[in-house]
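All remarks here apply to the structure that follows.
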Amino acid sequence: MRKFGAFETAAALAAPQPVLLHNTGANFLTDHLRGTYKAIKAAKSFRGESARLPDDSLISWIAGLKSRYASYDSDTVIRNV
């Protein structure tokens, strides 16, 4: 997997499923991944933050997924996150 771009490639394969990357700092670039989500018209499913998000923000993001996938069982939501 590392030959193909390591983490970024693996995350791109998950598109258009929701993804949240936080605490990436300045050295972990997410532009390509953000562009991948935008290209497949799933930009709202990608969130990248260079700073660490507080726990309440993470909980809010996950809660938003629960409402988005309300018709699925909880195992499906967890696998898609």
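Residues in the stretch 19-39 that are surrounded by 12 or more Cβ atoms within 10 Å (Cβ to Cβ) and in contact (Cβ under 8 Å) with a residue 24 or more places away in the chain were compared, and the one that is nearest to GLU8 (Cα to Cα) is LEU33. Would you pick out the residues in the stretch 16-44 that are within 21 Å of SER60 (Cα to Cα) and among the hydrophobic types (A, V, I, L, M, F, W, C)? Answer for the stretch 16-44, where residues must be within 21 Å of SER60 (Cα to Cα) and among the hydrophobic types (A, V, I, L, M, F, W, C): VAL19, LEU20, LEU21, ALA42, ALA43.
Of all residues in the stretch 40-49, how many are touching a residue at least 12 places away in the same chain (Cβ under 8 Å) and under 13 Å from the mean Cα position of the chain (by Cα)? Qualifying residue count for the region: 6. Scanning the stretch 40-51 for residues that are crowded, with 16+ Cβ neighbours inside 10 Å and among the hydrophobic types (A, V, I, L, M, F, W, C) gives a single hit, PHE46.
When the residues of the stretch 8-18 are narrowed to those that are of a type outside the set (Val, Ile, Thr) and part of a helix (DSSP H, G or I), which ends up surrounded by the most Cβ atoms within 10 Å (Cβ to Cβ)? Break it down into steps so the answer makes sense when it comes.
Of all residues in the stretch 8-18, those of a type outside the set (Val, Ile, Thr) come to 8, 10-18.
From the residues that got through so far, the ones that are part of a helix (DSSP H, G or I) too are 8, 10-14.
Numbers: GLU8: 17, ALA10: 12, ALA11: 19, ALA12: 17, LEU13: 11, ALA14: 16.
If we take residues in the stretch 8-18 being of a type outside the set (Val, Ile, Thr) and part of a helix (DSSP H, G or I), then ALA11 is surrounded by the most Cβ atoms within 10 Å (Cβ to Cβ).
Here SER57, SER67 are screened, and the one residue that is part of a helix (DSSP H, G or I) and modelled with pLDDT of 95 or more is SER57.
The values are calculated or read from the model by the stated rules, or taken from the named source; none is laboratory data. Keep in mind that what you see is a predicted model, and the values were worked out from it rather than measured. Don't worry about glycine lacking a Cβ; one is built from the backbone with ideal geometry, like all the others, and counts go over all protein chains shown.
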